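Colleague: Sending over a structure as structure tokens; questions will come in a sec.
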Amino acid sequence: MRRPSLNSREVSSSRKHRRIFADNGVAMCVDCVEKEYPNRGNICLENGSFLLNFTGCAVCNKRDFMLITNKSLKEEDGEEIVTYDPDLCKNCHHVIARHEYTFSIMDEFQEYTMLCLLCGKAEDTISILPDDPRQMTLLF
């Protein structure tokens with residue numbers, strides 16, 4: 001019997017997959033990611049997948065591109081919320097993660113947030129004015 005190498009990223013299909021659940025009940029697979037909810041600083045992705053954090057599908061043992069499914073856009077109190085299950089295995093349709101991206105305008109700033117098991121968590125604030133008031137220095 002051949003032993004798998006320590007560098008192998010294949011996951012045994014006989015073991016049970018560890019899952020966590022999003023607020024809407026969507027199961028996300030922690031066995032498919034290198035790190036859960038990695039800190040991405042201010043990199044907020046409206047769509048796409050962070051493939052560097054993807055170790056491979058725990059069900060079919062393949063590491064391939066993702067499918068974007070169940071994309072929805074809703075607005076609540078001036079906030080735009082985009083959610084989807086982008087991180088769906090292209091080969092076996094195993095749900096890896098649920099991606100949520102928000103955009104809102106607060107006073108003179110655009111605010112962005114992202115939360116996804118695969119893509120990570122991030123937030124960013126950008127001024128809508130030509131000169132960012134946070135970057136201005138006081139002149140005496």
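Colleague: To make sure I understand the rule: partners must be lysines, Cα under 20 Å from the Cα of Lys90, and not fewer than 8 residues away in the same chain. Which ones qualify?
Modeller: Once the sequence-local lysines are set aside, what remains near Lys90 is Lys62, Lys71.
Colleague: Give a quick list of GluC sites (Glu not before Pro) in the range 59-109 that DSSP marks as loop, anything other than H, G, I, E or B, with at most 15 other Cβ atoms within 10 Å.
Modeller: When the GluC sites (Glu not before Pro) of the range 59-109 are filtered for loop state and at most 15 Cβ neighbours within 10 Å, Glu108 remain.
Colleague: I'd like the distance between the alpha-carbon centres of the range 74-105 and the range 113-136, rounded to an integer number of Å.
Modeller: That distance is 18 Å.
Colleague: Suppose all protein chains stay in the model; what accessible area per residue would a 1.4 Å probe give for the range 20-127, in Å²?
Modeller: 53
Colleague: Write out the trypsin sites (Lys or Arg not before Pro) in the range 61-140 meeting two conditions: DSSP loop, and at most 11 other Cβ atoms within 10 Å of their Cβ.
Modeller: Working: sites: Lys62, Arg63, Lys71, Lys74, Lys90, Arg98, Lys121, Arg134; in loops: Lys62, Arg63, Lys90, Arg134.
Of the trypsin sites (Lys or Arg not before Pro), the ones in loops of the range 61-140 whose Cβ has at most 11 other Cβ atoms within 10 Å are Arg134.
Colleague: Please give the length that would be gained between Asp107 and Cys92 if that part of the chain were fully extended, namely 0.36 nm times their separation in residues minus their C-alpha to C-alpha distance (nm, one decimal).
Modeller: Working it through step by step, the gained length comes to 0.9 nm.
Colleague: What is the spin-label model distance, in nm, from Phe65 to Asn39 if the labels are put 7 Å beyond Cα along the C-beta direction?
Modeller: Inter-label distance under the simple model: 3.3 nm.
Colleague: If you don't mind, there's one more thing I want to ask. Return the distance in nm (one decimal) between the two label points of a simple spin-label model at Ile81 and Ser127, each offset 7 Å from Cα along Cα→Cβ.
Modeller: The modelled label-to-label distance comes out at 3.1 nm.
Colleague: Using θ = phi - 60° and the Karplus curve 6.51 cos²θ - 1.76 cosθ + 1.60, what whole-Hz ³J(HN,Hα) does each residue of the range 51-61 get, with Gly and Pro shown as x?
Modeller: So the J values, rounded to whole Hz, are 5, 5, 8, 8, 8, x, 5, 6, 8, 9, 6.
The values are calculated or read from the model by the stated rules, or taken from the named source; none is laboratory data. Computed from a prediction, not measured in an experiment: that's the story for all the values here. No Cβ is skipped: glycine too gets one built from the backbone with ideal geometry, and neighbour counts run over all protein chains shown. Ligands, DNA and RNA are stripped out before the accessible areas are found, and what is left, the full protein with its side chains, is counted by its heavy atoms. Shrake-Rupley method; radii C 1.70, N 1.55, O 1.52, S 1.80 Å.
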